[in-house]
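Down below is the structure, laid out as structure tokens.
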Amino acid sequence: MAIPAIRSRRGPRRRKPAKLHADKAYDQPELRRWVRDRGITVRIARKGVESSTKLGKHRWVIERCIAWLFGYRRLTIRYERKASHFLAFLTLGAALTCYKKLRKHTT
């Protein structure tokens with residue numbers, strides 16, 4: 001299966017997400033039907049009908065986190081040949097980002 005299991009604190013692992021948030025670029029009937037057939041709730045803004053501001057609350061969190069990680073030049077272009085080395089730098093970047101954010105809130 002292409003989608004890895006999602007870790008959860010309680011109960012069995014879920015094999016699929018509960019909701020799919022996407023912007024207007026993905027507003028196509030075939031895509032909506034494909035996602036619904038798999039039992040996933042669709043949250044896609046419709047072109048010309050809805051604004052994408054409500055979807056932005058969820059999407060911007062992810063995009064902001066990725067932007068923080070790509071602020072580290074080593075992660076922007078993948079120099080490492082081994083995936084384990086890239087994962088190590090990614091983990092280090094996430095730890096440094098969390099440390100900076102926590103230090104900012106405590107002072």
Legend entry - First in the range 82-104 and assigned to a helix (DSSP H, G or I) and among the acidic types (Asp, Glu), second anywhere and surrounded by 11 or more Cβ atoms within 10 Å (Cβ to Cβ) and modelled with pLDDT of 85 or more, Cβ under 6 Å, 6 or more apart: none
Inset, instruction - Name every residue in the range 77-91 that is surrounded by 12 or more Cβ atoms within 10 Å (Cβ to Cβ) and within 15 Å of Cys65 (Cβ to Cβ), in order of residue number. - result: Leu90
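Just wondering, is there one or more residues in the range 51-60 that are at pLDDT 75 or above and surrounded by 12 or more Cβ atoms within 10 Å (Cβ to Cβ)?
To start, the set of residues in the range 51-60 that are at pLDDT 75 or above comprises none.
So far as the range 51-60 goes, no, none of its residues is at pLDDT 75 or above and surrounded by 12 or more Cβ atoms within 10 Å (Cβ to Cβ).
The values are calculated or read from the model by the stated rules, or taken from the named source; none is laboratory data. The shown structure was predicted, so the numbers you read here are calculated from the model rather than taken from an experiment. Reconstructed Cβ throughout: ideal geometry from the backbone, glycine too, with neighbour counts over all protein chains shown.
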